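Below: the structure, in structure tokens.
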Amino acid sequence: MSQPFPVMVATDRGKCGQCPAICCGYITQKIPTPRARSDFEHLLWQVSHRGIEVYKDEDGWYLLMHTRCEHLLEDGACGIYETRPPICRDYSNDFCEWDEPAERHFALHFRDYDALLHYCRERFRSWPR
Ligand code: SF4
Ligand code: SF4
């Protein structure tokens, strides 16, 4: 995907009404491709924080931050529906994360420190064991 995950709203309440608003529960941010050991040391610090993950897909590397949108109402509706951001407007629920988890298309996915540390040790022979 070339854009950060779309964060959108439920326009079809029939379908979205059954979903725990997956798409309003996180943001993503593209990051430079990590290459040097120092790049991965920095990523290790980032994934040490609760709710922070790192993944790579066909478009590059991203930080994934699990954080619920403040406009998401208890019933799963958007509290600013009429003025919601473009990225939310552009997202369709025709085939969304309720149908297929986005991580199925990740080439790499590090959910926590230990997972990324294992990768670093495989990638860099000199990485401390
Ligand atoms: S603004 Fe509305 S549609 Fe967009 S992420 Fe927040 S709750 Fe969801
Ligand atoms: S993930 Fe899909 S079904 Fe769930 S709220 Fe978002 S658009 Fe609706």
inquiry  = Counting only other residues whose beta carbon sits under 15 Å from that of PHE124, what net charge do I get with K and R as +1, D and E as -1?
reply    = +3
query = To the nearest 20 debye, what charge dipole does the chain have about its Cα centre, counting +1 at the Cβ of each Lys and Arg and -1 at the Cβ of each Asp and Glu?
reply = 660 debye
key: Relative contact order for the stretch 13-123, counting Cα pairs under 8 Å that sit 6 or more residues apart, in percent   = 33 percent
query = Gain in length, ILE80 to SER38, computed as 0.36 nm per residue apart minus the alpha-carbon separation, to one decimal in nm?
reply = 11.0 nm
message = Suppose each label sits 7 Å from its Cα in the direction of the beta carbon; what would the ARG123-LYS15 distance come out to in nanometres?
response = 3.5 nm
inquiry  = What do you get for the angle between helix 37-47 and the principal long axis of the chain? Use alpha-carbon atoms, 0 to 90 degrees, nearest ten.
reply    = 40 degrees
ask   = What 222 nm value per residue comes from the helices of the chain, counting each DSSP H run with n ≥ 4 as -39,500 (n - 2.57) and dividing by all residues, nearest 500 deg cm²/dmol?
value = -6000 deg cm²/dmol
ask   = What Kirkwood hydrodynamic radius, in Å, does the chain give when the mean of 1/r is taken over all pairs of distinct Cα atoms and then inverted?
value = 16.1 Å
query = Tell me, how many Å apart are the Cα centres for the stretch 53-129 and for the stretch 16-48?
reply = 6 Å
message = Using the basic label-point model (7 angstrom from Cα toward the beta carbon), what is the THR67 to ILE31 distance in nanometres?
response = 1.4 nm
Table column - 3J(HN,Hα) (Hz), the stretch 105-119, Karplus curve with 6.51, -1.76, 1.60, x for Gly and Pro = 9, 7, 7, 9, 8, 10, 7, 7, 4, 4, 5, 6, 4, 4, 5
Taking THR33, THR28 and counting other C-beta atoms within 10 Å, the order from fewest to most = THR33, THR28
key: Residue (of CYS96, GLN29, CYS19) at the positive-pole extreme of the stretch 13-123, dipole from beta-carbon charges   = GLN29
inquiry  = What FRET efficiency comes out for ASP59 versus ASP112 if R0 is 25 angstrom and r is the Cβ-Cβ distance? Round to the nearest 0.05.
reply    = 0.65
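None of the figures in this text is laboratory data; all of them are computed from the coordinates on show. All of these numbers come straight from a predicted model, not from anything done at the bench. Positions of Cβ are backbone-derived with ideal geometry, glycine not excepted, and every protein chain shown enters the neighbour counts.
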